[in-house]
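Remarks on the structure that follows.
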Amino acid sequence: MIRSSKDFWTGLIYIFFGASAILIARDYGMGTGGKMGPAYFPTVLGGLLAVVGTIAVIRSFIVPGTPIGAFAFKGLVLVCTPVLLFGIIVRGAGLAVALPLLVVISASASVRFHWRATLIMAAGLTIFCVLVFLKGLGIPLPVLGPWFGG
Amino acid sequence: MELMGHLLLGLQTAATPVNLFYCFIGVFLGTAIGVLPGLGPTATIAMLLPVTFVLPPVTALIMLAGIYYGSQYGGSTTSILVNLPGEAASVVTTLDGHQMAKQGRAGAALAASAIGSFFAGTVATFLIAGFGPPLASVALKFGPAEFFSLMVLGLVASVVLAQGSLLHAIGMVVLGLLLGLIGTDVNSGAQRFTFGVYELADGIGFVTVAMGMFGLGEIIRNLENEAERSVMITKVTGLWPTREDFKRMVAPILRGTAIGSALGILPGSGSILGSFAAYSIEKKISKNRAEFGKGAIEGVAAPESANNAGAQTSFIPLLTLGIPSNPVSALMVGAMIIHGIQPGPSVIHEQPALFWGMIVSMWIGNLILVVLNYPLIGMWVRMIRIPYQYLYPGILVFCAIGVFSLKNTEFDIYFMALFGVIGYVFSKLGCEPAPMLLAFILGPLMEEYLRRAMLLSRGDPWVFVQRPISATLLAVAGLAMCSVLIPAFSKTREEAFVEGSG
């Protein structure tokens, strides 16, 4: 029986990353202790991480722990996806399109989401960012991208 | 007096109109963003870092340091007024600070925090000026083995001081070290863990990781219990503390400064430990201990002084050894590297103007804070009132544009989103992100020092215990690790954190 799901899942994640590091590092030269190759340090760390993960998994069957709280999937998705989307479309569509989209989608994650206020805020932020970041600091992003004839 | 000469050089550097201006801008922006509920110094600095890239190195670092104090100070203001601490270090301030505010003594609490911080900042400035140079000359004698052991000590300290499970924190450190290795190996030119992605050849940017884990991760966490999150701000009244308040403040400020300064120097701790320790000590020895938790001014003055003293003395290991001791100084290291300065013991000799300019600017920054805070308190209060549902989409926008501007590539935006998910998942599993970020920036350095040490010793790992300084550092690290396993200490450790979150 798993008595501490926090320990169990953390352990599995650590084992996964540790083992992957060791496996991937096999393609690089190991070298020797006195002349370490690129694989040496990652392999040692990967091993260490796998050991820590294994201890955590073993401990999860012995020592009881606090349960993992509910995942806020809505928040997670509505915060990270619009950021990804912003990155994907910002060059093509331009800041004046990507930025309001980011604001509106992410704002909808809130329980106090309100259309009108959000749109006003999106407009204000867009004007501010175009003036400060694009015109002021000269960040190479278009206001309107090639998709919209910019 | 050599020290006076150095400070004079620093004053000449820091007090030029341009540097003063950017110091002011840094403190102002830092405070403005720091007062926003739920945004700590790490996220604030990560967000504002790109703004400093257009400036010359000295000016940029002066501005960054200003952002740091500003955000920390802004965080305290928020803790007192709305009971929503932006970061761990100001958690203890809410205990008594918010109680005072509820009783209509918000002004006195803010003053205690301001005076305490300023005094602590002044003392810490002299400590850095006094201890920095001798420590740097000791550090110049350090070989790769010593540096490696010092980093081990720093990482162990960050593990010991992390909240929650020790085992999880160790794992986070190792994972952070591994993630730091992604990219081109400096020695062989081999591409490690890049999966053929061209953008990964330079590795993942530390700002990207910090913004993802501290910025995005924090937003997702805040949205979780948004319904319960109400910004009920207390009115700021009684702006001036009474004579009685002043009397009660003096001793806690002195003690808080001493505790904070001492603990801030330890690698891996920064300001968090100091404020916790100062509060619990004050609670034990104060005449008015019965009032603690119900609005004792001592309970604000002591941790706030310790907090600021620690924040500043944590620059000692950073500037003299080049070793960051917390996520904030890790960001400073990153900023210095971007500006072409390799932080370490040689900075003090090779770039005296930069070193002393930064130190004096810290003091000026603290002065600006006090001067700025009082007349602008009304404005900060209005900023705190911005409802969270309008705040976080704006933060996301600034993070996304900021992270893009680092290298002008969309890839960093993708990675930021990815680290937002990782940060959230790990926080759900009870793994703190701070040790990981510290390890992330130390990863490549540690490998390099390990490699050199082992090369010099011809592959003999005993070199780390044969050299006395290195052996001492490792012994201290070992002791620190063992101390957590001693039941009495680990109980105190847990209690300190429970007190903070309770």
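The values are calculated or read from the model by the stated rules, or taken from the named source; none is laboratory data. Values in this document were obtained by computation on a predicted structure and should not be read as measured data. Ideal geometry is used to build each Cβ from the backbone, glycine not excepted, and the neighbour counts take in all protein chains shown.
Okay, here's what the table says:
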item	result
Positions within region B:169-184 being touching a residue at least 12 places away in the same chain (Cβ under 8 Å) and of a type in the set (A, V, I, L, M), in sequence order	B:Ala169, B:Met172, B:Val173, B:Val174, B:Leu175, B:Leu177, B:Leu178, B:Leu179, B:Leu181, B:Ile182
Inter-residue pairs, beta-carbon under 6 Å, first closer than 20 Å to B:Ala65 by Cα and in region B:122-138, second of a type in the set (Gly, Ala, Ser) and assigned to a helix (DSSP H, G or I), 6+ apart	B:Ala124/B:Ser261; B:Ala124/B:Ala309; B:Leu127/B:Ser261
Index of the failed condition, A:Ser60 passing every other in (1) under 24 Å from B:Pro387 (Cα atoms); (2) at pLDDT 90 or above; (3) polar (S, T, N, Q)	(1)
Every residue from region B:185-209 that is touching a residue at least 12 places away in the same chain (Cβ under 8 Å), more than 14 Å from B:Ile422 (Cβ to Cβ), away from chain A (no Cβ under 14 Å) and part of a helix (DSSP H, G or I)	B:Phe206, B:Val207
Considering residues of region B:439-459 that are of a type in the set (D, E, K, R) and facing chain A (nearest Cβ under 9 Å) only, the residue surrounded by the fewest Cβ atoms within 10 Å (Cβ to Cβ)	B:Arg458
Options A:Thr54, A:Thr43, A:Thr66; residue that is within 26 Å of B:Arg458 (Cβ to Cβ) and β-branched (Val, Ile, Thr)	A:Thr43
Hey, A:Met1 closer than 22 Å to B:Thr184 by Cα and modelled with pLDDT under 95 or not	no
Only listed residue being touching a residue at least 40 places away in the same chain (Cβ under 8 Å), farther than 21 Å from B:Met213 by Cα and facing chain B (nearest Cβ under 7 Å), chosen from A:Ile55, A:Ile68, A:Ile24, A:Ile62	A:Ile55
Given (1) closer than 17 Å to B:Ile219 by Cβ; (2) at the interface with another protein chain (Cβ under 8 Å from one of its Cβ atoms), number of the condition A:Leu85 does not satisfy	(2)
Unmet requirement for A:Leu49, which otherwise passes all of (1) facing chain B (nearest Cβ under 9 Å); (2) surrounded by 15 or more Cβ atoms within 10 Å (Cβ to Cβ); (3) free of Cβ contacts under 8 Å to residues at least 24 places away in the same chain	(3)
Among (1) closer than 22 Å to B:Pro133 by Cα; (2) more than 20 Å from the chain's Cα centre (by Cα) - the single one B:Met362 does not satisfy	(2)
Given (1) under 27 Å from B:Leu81 (Cβ atoms); (2) crowded, with 20+ Cβ neighbours inside 10 Å, index of the condition B:Phe142 fails	(1)
Segments classed as helices (runs of 4 or more DSSP H), wholly inside region B:338-431, with at least 2 members that are in contact with a Ser or Thr (Cβ under 9 Å, 6 or more places away or on another chain), within 14 Å of chain A (Cβ to nearest Cβ) and at pLDDT below 85	B:388-407
Some residue of region B:210-228 being modelled with pLDDT of 85 or more and either polar (S, T, N, Q) or assigned to a loop (DSSP other than H, G, I, E, B) (or both)	no
So A:Val103, is it β-branched (Val, Ile, Thr), crowded, with 19+ Cβ neighbours inside 10 Å and either farther than 30 Å from B:Val397 by Cα or within 8 Å of another protein chain (Cβ to nearest Cβ) (or both)	yes
Some residue of region B:169-177 being aliphatic (A, V, I, L, M), more than 30 Å from A:Ser5 (Cα to Cα) and within 9 Å of another protein chain (Cβ to nearest Cβ)	no
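A quick yes/no check of all residues on (1) closer than 29 Å to B:Ser427 by Cα; (2) surrounded by fewer than 17 Cβ atoms within 10 Å (Cβ to Cβ):
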{"position": "A:Leu76", "(1), (2)": "yes, no"}
{"position": "A:Leu84", "(1), (2)": "yes, no"}
{"position": "A:Val90", "(1), (2)": "no, no"}
{"position": "A:Arg116", "(1), (2)": "no, yes"}
{"position": "A:Leu141", "(1), (2)": "no, no"}
